[in-house]
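Below is one structure, written out as structure tokens; the observations come after it.
Only the coordinates and a few stated rules stand behind these numbers; no lab work does. Every value quoted in this text rests on a predicted model; they were computed, and no experiment measured them. Every residue, glycine among them, receives a Cβ derived from its backbone with ideal geometry; neighbour counts consider all protein chains shown.
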Amino acid sequence: MSEPVAVLGVGQTTYKRRHPESSAADLIWAAAEEALADAGLGIDAVDVIIAGVAPDALAGENCVEKTAIFGTGKPFLRVNTGGVTGSSTAFAGASYVASGRARAALVVSLERMGQASTSQRVFNTIFDPVYEKDFPLTTITMAALRASMLMRVYGYSERDWAEIAARNYRHALRNPLAHLHLEVTPEDVLDSPLLAWPIHRLEACPMSEGACALVLGGRDLAAGRNAAWIQGMASTSDSYAMGDRIRRPEGSLVDLLSLQRSAVRAYADAGVSDPRKEFGVVELYSPFSSAEAMTYPALGFCAPLDGPRFIQEQQEDPSLPVFNPSGGPQAANPVSATAMVRIAECALQVRGLAGDRQVADVRRAVATGQGGATQFSTVCVLGTQTP
Amino acid sequence: MTELVSIPGHWDFDYTYFAGEAASRFFAELRNTRVMGATCPDCRRVLVPARSFCDACFQRTTDWVEVGPEGTLETFTIITAAFPGLPEPPIVMAYVTLDGADTALVNLVLGLDLSDIGAAAAGLQRQPRVRVQYGPEPQGRITDFAFVLA
Amino acid sequence: MTRPAIYVEGAALEISFADGRRNLQELIFDTVRAAVDDSGQPMHEIDSVVLAAHDLVDGRSLSSMVTSPAAGAYLRDEIRYGDDGAGALAAAVTRLEAGHARRSIVAAWGRSSEHSPDQFSRSLFEPFRSRPLGLDEFVLSAMRAQLCLSAGDGAGPARERASLRRIDSARANPRALRGGGFRSAPHFPLDDADLPLWADVTAAVVLSTEPSPIRVAGVGQSSEPYNFGDRDLRTITSLKTAAGRAAADAGFGADTADVAEVDGLTLIDEALGLEAIGFAAPGTGLRTLAGDGRANPSGGGASGYSPPSMGLVRVVESVLQLRGTAGSVQQRSVRRAVATGGSVVAGQTQTVVLLEAV
């Protein structure tokens, strides 16, 4: 990286099912204004704006971010990489800053799915129309196909999924921005309706609307500001075909090879060698508990077969990082924005600005993004030290 | 307080998807009750359903081979909740690696006793052998067949 | 801050229509494979993929999920812009300059035979104030054309000659669509010949930090407001700003280019584009298109059109001109070229790329 890049400002709307009081442009503006104010910068200081919006169909508007174009005359691009849209958008902005083409970048991601009457029908249309769309493949059933394989291969139980979900909901109680504020026990999760075996309603993410924005800058702007440095960031794409990965020797469908490869690169840049000890906070883009379990070995927290035990260890070993102090995507999943929310939450933790959900003394945090057909993975390491 | 306006909308776009020669040939073979895979000359995997290139090697595939009709159920889900616009539950959907193939393909599994979802799931977790069963009138679509227990 | 130089190592494009032998992924694979072959690089030397594609054009609600592996994304760093291909190229340049990647595929596509460009165009308008009026991209281009053509000074005859030359260039261009394609219904004052020929378009380049004969000398990007009423319709302000930025970056401007490949939805938009970048003087865009072979030698939108690929198509055509391999539309002694790409709505965001033979 030629010029180090830092998160200088964070802005988020609340996340909820619908924001009928705000237009798409209003939501984008609200998040952007807050991020600029947090950074102590005006829009004039920004040299590029990158917007992230994924499936247009969820908003029922095409290129909805164009209505919010601001700072007329600035380079403006639109990123759409599904679930990783938020982190891809942040990374795109980071490249502009690191290349020296922008002193500051404003990156903003919007989810407007409150305008969709049904999300799973839309999500079926993301699949290949020739060989796969005829089947009831959706984000939920895709997660279920992986979850049952995780249970068979690595010994997870439905109880494990319920434990993860209950912890995420518990954390969300301290996050005023979260969509769901529920007091939920693992038993409640297991008792919630079965959507697609082995996934229960309370293991799935909600449909949330909202926007998230970051202001990114280099060394000169970071001076004198409360900065969270991007110490490492990496993105990896995998094959679309889930069936091609079931028996793949270098990493099966449930090994999350794309996340593993991203982690290796991001950790190398950040100088992270022991993720169990070196992170204070982990913010995961896991819209289902089972998807969260898949990240543990990929991020180097445990061996694949030790995954179920690692769920218990998190509760018993205080030296381990805190997972999803924000509550994670199970408590709020504004799809286009979620991967940026993970980076935003890590930046707030590193900067000591996370309010009631602040974890003590966070020197370093890691945020993930996950999207496509278990296919796109991003890892972003943030810390107090300039890389 | 201003009354908040919302406007009903409908999201409807027309498309014509070209399956292409490789998928068309795959569908034509399905009508002859044959499931075909295509071989990647670099990694030597037999890719099913057949396609014209291997994305891992970024190379065109070459020889076509018949696979199945039996195979191993790899992973599955039992859909138990109804979603607007999607078929009525319960539905069993699975990835199956057919004999002779290196990759799995997705389809429905029919003819299972789903009166007890937990018991059905436990049975499917044992990775049963399945076989391809064709419907009465093949249309040259991926839905021309489903899996049943072998 | 000095930035590393970026080079174009490989380029390919294909314009076809409703070729049922290939599905969308196969069209993409063929062009990207051709660009990689053209670069002479093995796949393991490529560590990045940057794409421009749109879900509603592709009829796949998360296009890159299905299409990115066809563009070489397997276990590589990949990002997709839902934006014009030249914009994606500019973003790819920043990645390489930042050291975030060493060598990148940039690919863009649009398949008009699979979707309805008119439905797409109408859906771009927000549902509260503009969609109920039945606006589409061509309404805006028509309003622009009306202002431009009513300006007098022989715009009418120049338009006819520009139109004829554009058709001649498209006929001569070996990469232009041969048969098939379709046009939308024109709104006054546009006529059939002003409109783009909807086609299936795929374009790809390979960018690298390692020296090779074609250099990306400068890139510039800009944008303008969504509301058409907030814009100056007589010029494309965002394109003008982008051209200025690209010139500052390159140390030379589009006015010194030996070839200009300008993206515009209609003939008149192309003419205004030439003016905005300074290749033609204000008010002379149509005359330049009519009389100067170096302005859109490819035939522009008459050779086949489908967003969001067009900016990258213009880049590939420019690269071929610089290499001297553009075929019967080749211009003489081309050392510098300028390519532009605009995106919805009505060219709201613009990218200018200056290329140089080194």
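Observations on the structure shown:
- The GNM of chain C, with springs linking C-alpha atoms under 10 angstrom apart, assigns the highest mean-square fluctuation among C:Ser309, C:Ser121, C:Ser222 to C:Ser121.
- Residue among C:Gln119, C:Gln331, C:Gln146 with the largest mean-square fluctuation in a Gaussian network model of chain C, springs linking Cα atoms under 10 Å: C:Gln119
- Label-point separation, B:Ser115 to A:Arg276 (7 Å along Cα→Cβ), nm: 4.8
- In Hz, Karplus ³J(HN,Hα) per residue of region B:97-111 (6.51, -1.76, 1.60; θ = phi - 60°; x = Gly, Pro): 9, 6, 4, x, 9, 9, 10, 9, 10, 9, 6, 7, 10, 9, x
- Computed extension length for B:Val5-B:Thr62: 14.7 nm, one decimal, from 0.36 nm per residue of separation with the Cα-Cα distance subtracted.
- Residues B:Trp64, C:Trp109, A:Trp161, sorted so that the one with the fewest Cβ neighbours within 10 Å comes first: B:Trp64, A:Trp161, C:Trp109
- Cα-centred dipole magnitude for chain A, charges only on beta-carbon of K, R (+1) and D, E (-1), debye, nearest 20: 480
- When the Gaussian network model of chain C links Cα atoms closer than 10 Å, the mean-square fluctuations of C:Ile28, C:Ile167, C:Ile236 top out at C:Ile167.
- Computed [θ] at 222 nm, helices only, for the protein assembly as shown once each DSSP H run of length n ≥ 4 contributes -39500 (n - 2.57): -9500 deg cm²/dmol
- C-alpha center-to-center spacing [region C:62-89, region A:156-226] in angstrom: 28
- Extension gain (nm, one decimal) between A:Leu353 and A:Ser157, 0.36 nm per residue minus Cα-Cα: 66.9 nm
- DSSP loop trypsin sites (Lys or Arg not before Pro) with at most 11 other Cβ within 10 Å: longest gap in chain C: C:130-331
- Region B:20-149 shape via C-alpha gyration tensor axes, a/c threshold 1.5: prolate
- Once you reduce region B:56-70 and region A:301-320 to the center of their Cα atoms, the two points are 40 Å from each other.
- Rg and Dmax of the protein assembly as shown, both derived from C-alpha coordinates alone, stand at 26.4, 83 Å.
- Counting only lysines at least 8 places from C:Lys240 when in the same chain, those with an alpha carbon closer than 17 Å to its own are A:Lys74.
- Stretched out straight at 0.36 nm per residue, the stretch from A:Arg225 to A:Arg363 would grow longer than its current Cα-Cα span by 48.0 nm.
- Relative exposure of A:Tyr96, C:Tyr305, judged by other C-beta atoms within 10 Å (fewest first): C:Tyr305, A:Tyr96
- Cut-off of 10 Å, at most 15 other beta carbons, DSSP loop: longest stretch of chain A lacking such trypsin sites (Lys or Arg not before Pro): A:19-362
- Percent antiparallel among DSSP beta bridges (both partners in chain A, rounded to 5): 70
- Once the gyration tensor of the Cα atoms in chain A is diagonalised, the equivalent ellipsoid follows with semi-axes of 30, 24, 20 Å, ordered largest first.
- Whole-number Å³ per residue for the convex hull built on Cα positions in chain C: 123
- At R0 = 56 Å, FRET efficiency that the Cβ-Cβ distance of C:Gln119 and B:Leu149 yields, to 0.05: 0.80
- Once exposed loop GluC sites (Glu not before Pro) are cut out (DSSP; at most 14 other Cβ, 10 Å), longest piece of chain A: A:22-182
- Selection from A:Gly71, A:Gly83, A:Val97 lying farthest towards where the dipole of region A:40-111 points positive, charges on Cβ: A:Val97
- Tensor-based shape of region C:261-333 (alpha-carbon gyration tensor, a/c under 1.5 rounded, otherwise prolate or oblate): oblate
- Within the same chain, lysines fewer than 8 places from A:Lys16 are excluded, and of the rest, those with a Cα less than 29 Å from its Cα are A:Lys66.
- Net charge of neighbours whose Cβ lies under 13 Å from the Cβ of C:Asp77, counting Lys and Arg as +1 and Asp and Glu as -1: +3
- Length-normalised contact order for region B:20-149 - Cα pairs under 8 Å, 6+ apart - percent: 23
- Assuming charge only on the beta carbon of Lys and Arg (+1) and of Asp and Glu (-1), the dipole of the protein assembly as shown about its Cα centre is about 1240 debye to the nearest 20.
- With a 10 Å cut-off around each Cβ of A:254-260, the average count of Cβ atoms from other chains is 1.
- For region A:42-61 versus region B:82-97, the inter-centroid distance based on Cα atoms is 35 Å.
- Relative contact order for chain A: 25 percent, from Cα pairs under 8 Å spaced at least 6 residues apart, divided by residue count.
- Each eigenvalue of the Cα gyration tensor of region A:10-128, multiplied by 5 and square-rooted, gives one semi-axis; in descending order these are 26, 17, 11 Å.
- The charge dipole of region B:20-149, taken about the Cα centre with unit charges on the Cβ atoms of Lys, Arg (+1) and Asp, Glu (-1), comes to about 180 debye, rounded to the nearest 20.
- Test item: B:4-16 mean partner chain Cβ contacts at 10 Å: 6
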